Amino acid sequence: MLEDKLAIQLQGKSEPGMGGPVSSGSNEQAPRPDLPTPPAGCSTYVNVAHGFSIGYPQSFFVQPQEVSKLSRFTPTPVASMFFMNPTMASGALAGIEPPDPEVRVYRAEAADSLKNWLFSGGIASSAGSAGYQPYRSASVDGLKVCHSTLIAPGCSVYVLHSGRVYQLMPVSREGEAMIGTFALL
């Protein structure tokens, strides 16, 4: 896989080009041959605490969202990770430009299905502008939910696994390619 490139980064914001996971303490993990191999020039972010991995370009910044900011979302995620192009992260719109992609993790111990979790949280409905469609990548199955906005549809992919729901939010085709590498541990 990436034995020669996988490096442990410090908790918090990564440096572009470092590669490897953002981890600390119990999140540290050696390279795993069972995870999908990212394309050339990419690294793999591995989050053992939340049970997932995702490939991203080596030049990207990886940064966890501040826990204090998560309470503004409904439902409230337990964690959120930003993946950002270094040009956007350091440009005039830094802090305003959305990450591409963002991965949010929610508790869903009581969820009997992903559809029911999405409906109960008001995220999707069977009719209207927040419908859903099946999503499948090489590693996961889930549901894609799109909301109409004034500019363009904002779509997220949701995956239910082991009492967690993962929300994958790409903004561009590059972000969509990155969520295509998302895998469960």
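Derivation of every value follows stated rules applied to the coordinates shown; laboratory data play no part. Quick caveat: nothing in here was measured; it's all calculated off a predicted structure. As a convention, Cβ positions derive from the backbone with ideal geometry for all residues, glycine included, and neighbour counts pool all protein chains shown.
Between residue 40 and residue 107, the C-beta separation translates, for a Förster distance of 30 Å, into a calculated FRET efficiency of about 0.25.
Determine, for each peptide in 166-174, 63-71, 113-121, the mean count of other beta carbons within 10 angstrom over its residues, then list the peptides with the highest first. Don't skip to the end; give the middle numbers.
Working: 166-174: 18.7, 63-71: 12.2, 113-121: 16.1.
Averaged packing, sorted descending, gives the order 166-174, 113-121, 63-71.
Phi angles across the range 161-169 convert, under the Karplus curve 6.51 cos²θ - 1.76 cosθ + 1.60 with θ = phi - 60°, into 3J(HN,Hα) values of 7, 6, x, 10, 10, 9, 10, 10, 10 Hz, Gly and Pro given as x.
Taking the Cβ of each residue in 164, 136, 107, 72 as the centre, tally the other Cβ atoms inside 10 Å and list the residues starting with the fewest. If you can, show how the numbers build up before the last one.
Working: 164 20, 136 10, 107 13, 72 7.
Placing the least packed residue first, the sequence is 72, 136, 107, 164.
Expected output is a single nm value to one decimal: the length gained when fully extending between residue 141 and residue 74, i.e. 0.36 nm times separation in residues minus the C-alpha distance. What is it?
21.8 nm
The H on the amide N of residue 161, modeled in the peptide plane, is under 5 Å from the matching H of 166, each at least 5 residues off or on a different chain.
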